[in-house]
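Working notes, beginning with the structure itself.
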Amino acid sequence: MTVRPEILLMILACMAVTIVPRVLPLVLAQVIRLPRLVEEWLTYIPIAVIAALLADQLLLVGESPGITWSLPHVLAGIGALAIAAVTRSIALTVIGGVAMFAVLQLVVS
């Protein structure tokens, strides 16, 4: 089996486009010292990400905008936001939110 040069070049270009945006910030973070205020601000990004994901799940009903007033959704969303605010851990927030939603689905149904 042979690989055509243009296909190999395309694969390598796709690899670079995928890797560079992920590795470059890590490399720059080792070289450049950010101001304390910026570093402090960056600690809130996990909470913002979780809030955006929760807002998407709670504020869209099917394809149309609206608020999901389903008890499991709302309670699990509130619980996940609380976990995110306390722990600032995306992993714990996701695990806790999914676990709460699963339990609530069983209890309410």
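Each reported figure results from applying straightforward, stated rules to the coordinates on display, with no laboratory input. Computed from a predicted structure; not experimentally measured. Here the Cβ positions follow ideal geometry from the backbone for every residue, glycine too, while neighbour counts run over all protein chains shown.
Values for this structure:
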read-out: Extension gain from Ala82 to Leu106, taking 0.36 nm per residue of separation minus the Cα-Cα distance; value: 6.5 nm
read-out: Peptides 102-108, 28-34 ordered by average Cβ neighbours within 10 Å, highest first; value: 102-108, 28-34
read-out: Equivalent ellipsoid semi-axes, segment 1-62, via Cα gyration tensor eigenvalues times 5, rooted, Å; value: 35, 25, 6
read-out: Within the chain, helix-based [θ] at 222 nm, where runs of 4 or more DSSP H residues each add -39,500 (n - 2.57), nearest 500; value: -26000 deg cm²/dmol
read-out: Read-out percent of Cα pairs over 18 Å apart, derived from the coordinates shown; its label in [x] 53; [y] 57; [z] 67; value: [z]
read-out: Percent RCO, i.e. relative contact order, over the chain, from Cα pairs under 8 Å lying at least 6 residues apart; value: 20
